[in-house]
Amino acid sequence: MSDFISVTDLGHEGLASVLELAASVKKDRGAVSGSRSGRTVGLFFEKPSTRTRVSCEVASVDVGMHPVVLKRDEVGLGSREAVSDVARVLDRYLDALAFRVFDHRHLVEIAEHAAAPVINLLSDLEHPCQAVADLQTVAEHRDLPGTVLTYVGDGNNVAHSLMLAGAMMGMEVRVAHPDGYAPSVDVTEEASRIAAAHGGGIRVGTEVDDLVAGADVVYTDVWASMGQEDEAADRAQTFERYRVDERLFALAADDAIFLHCLPAHRGEEVTHEVLEHDRSFVFDQAENRLHAFKAILLHLTA
Ligand code: CP
Ligand code: NVA
């Protein structure tokens, strides 16, 4: 059974087919209803969530899977019980295991000890379900190959999955980050290799105006991710030049769209004006989390 811990786990064909399925289930929500009837999925959250928790629960119900939602304090992953034991026990009950965790290594360990597909609902390293919804949203406006997407801000989990997923679909993904907040070197190298094989490209640097110039999509995320709250004040100063405001957005292509995984902090990483711009599609993007997760679940439990 395959897992979805990194967006690369799907492979190029898999990602293309999940994106196609996500677009088709969006058009006809009833078409796949009950198709996984009688099965179960565990949804575990070690961090807060609105979109992921609700979209995954609703998507599961739509395909007929019973979602079992688990919280950090109930399970005590790695504290109340060894990560491997939690995985081995849940694997006896559930047909798919979806986890939001602090430590990406826990996901890898869970996958090693569970036969059921393991899905990453966000870790410190990646947010692959988000990237599928992001590309679904871009594809509603542009053909993915050749599209230039500039991510502005922290080289974090969201940036990593976008770089990898964009590269897999032949996009040019640029990351504009403050000094000291570059995406991981390993992810950058892997994304560059993948991009080269699919006619895309990766550009990473600190020159935000240059990197946004002419982009088809401008994307940002919070400056301090969940678990980094005590760094928020320092980061607010360091990231000041990386706020997506009307001046920066205007450097992109005339018909560029704006995306954000949400939750957004208006006035920090993005201004109210850009978030509410008529070329901002952040709420379509949030909706697409539902369709994307449904497609991922169908793909992994076929
Ligand atoms: N974008 C996203 O993952 O949102 P939540 O943290 O609310 O799930
Ligand atoms: N980078 C953010 C994404 C939230 C959806 C975080 O990890 O908190």
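Go through the stretch 156-182 and count every residue that is open to solvent by less than 10 Å² (accessible area, probe 1.4 Å) and closer than 22 Å to Asp245 by Cα.
Final tally of qualifying residues: 7.
Based on this model, can you work out whether Glu57 counts as touching a Pro at 6+ places or on another chain (Cβ under 8 Å) and open to solvent by 40 Å² or more (accessible area, probe 1.4 Å)?
Numbers: touching a Pro at 6+ places or on another chain (Cβ under 8 Å): yes; open to solvent by 40 Å² or more (accessible area, probe 1.4 Å): yes.
For Glu57, the condition - touching a Pro at 6+ places or on another chain (Cβ under 8 Å) and open to solvent by 40 Å² or more (accessible area, probe 1.4 Å) - is met.
(1) surrounded by fewer than 24 Cβ atoms within 10 Å (Cβ to Cβ); (2) of a type in the set (Gly, Ala, Ser); (3) within 15 Å of ligand 1 (Cβ to nearest atom): which one isn't true of Ala197, the others all being true?
If we test Ala197 against (1) surrounded by fewer than 24 Cβ atoms within 10 Å (Cβ to Cβ); (2) of a type in the set (Gly, Ala, Ser); (3) within 15 Å of ligand 1 (Cβ to nearest atom), just (3) comes out false.
What is the one condition in (1) within 15 Å of ligand 2 (Cβ to nearest atom); (2) surrounded by fewer than 16 Cβ atoms within 10 Å (Cβ to Cβ); (3) in a loop (DSSP other than H, G, I, E, B) that Glu231 does not satisfy?
(3)
Pick from the stretch 123-153 the residues that are over 14 Å from the mean Cα position of the chain (by Cα) and either surrounded by 24 or more Cβ atoms within 10 Å (Cβ to Cβ) or under 30 Å from Arg72 (Cα atoms) (or both): which of them is nearest to ligand 2 (Cβ to nearest atom)? Before you say what the answer is, go through the steps one by one.
Initially, the stretch 123-153 is screened for residues over 14 Å from the mean Cα position of the chain (by Cα), giving 139-150, 152-153.
Okay, now just the ones that are also either surrounded by 24 or more Cβ atoms within 10 Å (Cβ to Cβ) or under 30 Å from Arg72 (Cα atoms) (or both), so 148-150, 152-153.
Numbers: Val148: 22, Leu149: 16, Thr150: 17, Val152: 13, Gly153: 9 Å.
Filtering the stretch 123-153 for residues that are over 14 Å from the mean Cα position of the chain (by Cα) and either surrounded by 24 or more Cβ atoms within 10 Å (Cβ to Cβ) or under 30 Å from Arg72 (Cα atoms) (or both), the one nearest to ligand 2 (Cβ to nearest atom) comes out as Gly153.
Look through Val222, Val212 and report the one residue that is more than 16 Å from ligand 2 (Cβ to nearest atom) and surrounded by 14 or more Cβ atoms within 10 Å (Cβ to Cβ). Can you show your working first?
On the way: Val222 fails: more than 16 Å from ligand 2 (Cβ to nearest atom).
That would be Val212, the only listed residue that is more than 16 Å from ligand 2 (Cβ to nearest atom) and surrounded by 14 or more Cβ atoms within 10 Å (Cβ to Cβ).
Filter the stretch 64-82 down to residues that are open to solvent by less than 40 Å² (accessible area, probe 1.4 Å), more than 16 Å from ligand 1 (Cβ to nearest atom) and in contact with a strand residue (DSSP E or B) (Cβ under 9 Å, 6 or more places away or on another chain) and give me whichever is nearest to Ala111 (Cα to Cα).
The qualifying residue nearest to Ala111 (Cα to Cα) is Leu77.
When only residues in the stretch 278-298 that are surrounded by 19 or more Cβ atoms within 10 Å (Cβ to Cβ) and not hydrophobic (A, V, I, L, M, F, W, C) count, which is farthest from Asp9 (Cα to Cα)?
Filtering the stretch 278-298 for residues that are surrounded by 19 or more Cβ atoms within 10 Å (Cβ to Cβ) and not hydrophobic (A, V, I, L, M, F, W, C), the one farthest from Asp9 (Cα to Cα) comes out as Ser280.
Determine, yes or no, whether Arg100 is within 18 Å of Asp124 (Cβ to Cβ), surrounded by 15 or more Cβ atoms within 10 Å (Cβ to Cβ), at pLDDT below 95 and not small (Gly, Ala, Ser). Outline the logic, then answer.
Numbers: within 18 Å of Asp124 (Cβ to Cβ): yes; surrounded by 15 or more Cβ atoms within 10 Å (Cβ to Cβ): yes; at pLDDT below 95: no; not small (Gly, Ala, Ser): yes.
No, not satisfied.
Residues to consider are Phe258, Phe249; find the one that is of a type in the set (Phe, Trp, Tyr), within 19 Å of the chain's Cα centre (by Cα) and away from ligand 2 (no atom under 16 Å from the Cβ). Walk me through it before giving the result.
Values: Phe249 fails: within 19 Å of the chain's Cα centre (by Cα).
Going through Phe258, Phe249 in turn, just one is of a type in the set (Phe, Trp, Tyr), within 19 Å of the chain's Cα centre (by Cα) and away from ligand 2 (no atom under 16 Å from the Cβ): Phe258.
Which pairs have Cβ atoms under 8 Å, sit 6 or more apart or on different chains, and link a residue in the stretch 253-268 that is in a loop (DSSP other than H, G, I, E, B) and open to solvent by 20 Å² or more (accessible area, probe 1.4 Å) to one that is away from ligand 2 (no atom under 11 Å from the Cβ) and small (Gly, Ala, Ser)?
Ala253/Gly214; Ala253/Ala215; Glu268/Ala236
The values are calculated or read from the model by the stated rules, or taken from the named source; none is laboratory data. A quick note: this is a predicted structure, and the numbers were derived from the prediction, not measured. As a convention, Cβ positions derive from the backbone with ideal geometry for all residues, glycine included, and neighbour counts pool all protein chains shown. We work out accessible area using only protein heavy atoms, side chains counted, and drop any ligands, DNA or RNA first. Shrake-Rupley method; radii C 1.70, N 1.55, O 1.52, S 1.80 Å.
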